[in-house]
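Asks: Structure below; questions to follow.
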Amino acid sequence: MRPALRRMHVAGMAAALLLAAASRASAQEAVLVLRVTASESEAPLQGAQVRVDGRAVAATDAQGQARVAISPVSHQVEVTAIGRHPQTFTASLAAGESQDVEVQLVPSAVPLAPVTATTTPTPARSAAVQAFYDRAANHSNGRFYTREYIEQRRPQQLTDLLLDGTGLKWEYSTGGHRRLRFRRANTASRIGGARTESGQVPNDCPPKWYVNGFPFEMEQVAPRDPSPDLWVHMDEVEGVEVYPDLPPIQYGGLGASCGVILIWLRGDARTPPPAPSPQP
């Protein structure tokens, strides 16, 4: 036999032997055809993992199917998917047998670490106090001292705020009494308030006071030392507005030409003492 023909004959015999061996092996195997679905919707689950005797052998396709060849002995089959309880069963097939298996996986709850939320209740504001915060937010004319600013700065007394760049100063009388005054230059352009004989506003004149939106005659309550420090503590103050000029229209008018100071007390603060009755 020629060498070339001999090689072809040997190759053909080898191929025939391999084919026969494959046929015998195939005849000795069994086949599991799995279809994996969600228990709540019966929708196919893609990517579910199939393990046989603890060894990963297949994953389901878009139709939720996987084909697994096993030997004809008893095997432990486990099917798992993320977020679902695994399912395990025993498969015992004869050689050459094929079996369809429906597997439904139940959702599993994912345990989460406990979360604790804490909050500080915000007390309800009156309409007037809310209007104060609105003016402060809108950068209205004047100087504003909110509760947040007060807690950050921690002034000892209310006048520590009032003397901070507002144009206010202490004025001392010949008897040693002190009064808060706005620094003023003589002018005849202001309407209302104290005036000199010439009709002009004096250089330094007292502000008009409001407490919680109501006029408050400071110098009548404490004529010797008309200071808010005598009757209000900083813990009681929600906010302060200081207007050397051009106060909100509802707090202007008679007596406001020298400037206006509005004090807003917190909801649980005591009310200031009333103004005394006029003397006969």
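Asks: In the stretch 116-183, carbon and sulfur make up what percent of the accessible area (probe 1.4 Å)?
Replies: Accessible surface attributable to carbon and sulfur in the stretch 116-183 totals 46 percent.
Asks: Let me ask something else about it. For ILE70, what accessible area in Å² do you get when you roll a 1.4 Å probe over the heavy atoms of the protein chains, rounding to the nearest 10?
Replies: The value for ILE70 is about 10 Å².
Asks: Here's a follow-up. Determine the order of VAL52, VAL33 by accessible area, beginning with the largest, at a probe radius of 1.4 Å.
Replies: VAL33, VAL52
Asks: To the nearest 10 square angstrom, what accessible area does TYR172 show with a 1.4 Å probe?
Replies: It works out to around 140 Å².
Asks: Let me know the charge dipole size of the stretch 61-181 about its Cα centre in debye, to the nearest 20, where only the beta-carbon of Lys, Arg (+1) and Asp, Glu (-1) is charged.
Replies: My answer is approximately 1540 debye.
Asks: For PRO155, what charge total do you get from the other residues with a beta carbon under 15 Å from its beta carbon, if Lys and Arg give +1 and Asp and Glu give -1?
Replies: For residues surrounding PRO155, the net value is -4.
Asks: Something else: Add +1 for every Lys or Arg and -1 for every Asp or Glu among the other residues with Cβ under 15 Å from the Cβ of VAL50, and state the total.
Replies: Counting the neighbours of VAL50, the net charge comes to 0.
Asks: Here is a further query. Which whole-number percent gives the relative contact order of the stretch 76-172, counting Cα pairs below 8 Å spaced six or more residues apart? Provide the component values of the computation, followed by the final result.
Replies: Working: 43 pairs, mean separation 15.5, N = 97.
In percent, rounded to a whole number, it is 16.
Asks: I'd like the accessible area for SER92: 1.4 Å probe, protein heavy atoms, all chains in place, Å² to the nearest 10.
Replies: Number for this one is 80 Å².
Asks: Please list, ordered by chain and number, the residues whose modelled amide H lies under 5 Å from the amide H of ALA48; skip anything fewer than 5 residues away on the same chain.
Replies: Under 5 Å from the amide H of ALA48 lie the amide H atoms of THR60, each far enough along the sequence or on another chain.
Asks: What ranking of HIS75, HIS177 comes out by heavy-atom accessible area, probe 1.4 Å, highest first?
Replies: Result of the area sort, largest leading: HIS177, HIS75.
The values are calculated or read from the model by the stated rules, or taken from the named source; none is laboratory data. All figures in this text were calculated on a predicted structure; none of them were measured in a lab. Positions of Cβ are generated from backbone atoms using ideal geometry, with glycine treated the same way; all protein chains shown enter the neighbour counts. Keep in mind that these areas ignore ligands, DNA and RNA; they rest on the heavy atoms of the full protein, side chains included. Shrake-Rupley method; radii C 1.70, N 1.55, O 1.52, S 1.80 Å.
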